[in-house]
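The values are calculated or read from the model by the stated rules, or taken from the named source; none is laboratory data. What you see is a predicted model; the values in this text were computed from it and never measured. Reconstructed Cβ throughout: ideal geometry from the backbone, glycine too, with neighbour counts over all protein chains shown. In case anyone asks, the SASA skips ligands and DNA or RNA and just uses the protein heavy atoms, side chains included. Shrake-Rupley method; radii C 1.70, N 1.55, O 1.52, S 1.80 Å.
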Amino acid sequence: MDIQEIFEFLPHRYPFLFVDGVTELIEGSTIKGFKNVTINEPFFEGHFPNQPIMPGVLIVEAMAQLAGILGFKSKGTRPSEGYLYFLAGTDNTRFKRPVGPGDRLDLSAELINERRQIMKFSCTGHVANELSCSSDIIIAERKI
């Protein structure tokens, strides 16, 4: 999926869109994508000025956005039809390597459980094949 198709499945826009591309997608199962991290990101202005590091919560948000795309594709819904996925929880979140300007954050999400409008994913973020973050992410579907 390129950015134009991602726009169809995520309601997020700059500066809060953290998925630049999807490289693999198996509906109801797994998704892989990436975020190109540049020095132009607005959060680097304050986090941290002399040692720019992508905030951990934004890495988790990137993984949740990728999981949301898998949720939309798997359920056959879209934000334009009045559906949204909200981050409902995280478990077992661990940070192993900082992410900074010039890094490509490779993201993956695997659907591990689904009950009605709740989906749980096992997610990871890697930089240069090195684990940066892992988390079990729970998202909730809402019709608005």
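The C-alpha atoms of the chain define a longest principal axis, and helix 56-75 lies at about 20 degrees to it. From its DSSP helices (H runs of at least four residues, each -39,500 (n - 2.57)), the chain gives a residue-normalised ellipticity at 222 nm of -6000 deg cm²/dmol. As a length-normalised measure over Cα pairs under 8 Å and 6 or more apart, the relative contact order of the chain settles at 26 percent.
Within 10 Å, at most 14 other Cβ atoms, and a DSSP state outside H, G, I, E, B define an exposed site. Report the longest part of the chain free of exposed trypsin sites (Lys or Arg not before Pro). Longest gap between qualifying sites, sites excluded: 14-95. Straight-line cross-link partners of Lys96 among the lysines, defined as a Cα under 21 Å from its Cα and at least 8 positions apart when in the same chain: Lys32, Lys35. For Lys75, the aspartates and glutamates whose Cα comes closer than 19 Å to its Cα, not counting residues fewer than 8 places off in the same chain, are Glu5, Glu8, Glu24, Glu27, Glu110, Glu114, Glu141.
Placing Ile137, Ile26, Ile144, Ile53 in order of accessible area, with the largest value first and a 1.4 Å probe, yields Ile144, Ile26, Ile53, Ile137.
Per residue, what accessible area does the chain have, given a 1.4 Å probe and all protein chains present, in Å²?
Averaged over the residues of the chain, the accessible area is 52 Å².
When Glu27, Glu130 are compared by accessible surface with a 1.4 Å probe, the order from highest to lowest is Glu27, Glu130.
Distance between the modelled labels on Glu45 and Ser29, one decimal in nanometres: 4.4 nm (7 Å Cα→Cβ projection). In a fully extended conformation the segment linking Glu81 and Ile118 would gain 11.5 nm over its present Cα-Cα distance, using 0.36 nm per residue. Distance between the modelled labels on Asn36 and Glu110, one decimal in nanometres: 2.9 nm (7 Å Cα→Cβ projection).
Choose one of Ser80, Leu17, Ile53: the residue whose Cα lies farthest towards the positive end of the charge dipole of the chain (beta-carbon charges +1 Lys, Arg; -1 Asp, Glu; about the Cα centre). It is Ser80, whose Cα lies furthest towards the positive end. With all protein chains present, how much of the accessible area of the chain (probe radius 1.4 Å) comes from carbon and sulfur, to the nearest whole percent? The value for the chain is 49 percent carbon and sulfur by accessible area. Looking at the range 1-34, the chymotrypsin sites (Phe, Trp or Tyr not before Pro) that sit in a DSSP loop and have at most 15 other Cβ atoms within 10 Å of their own Cβ are Phe16.
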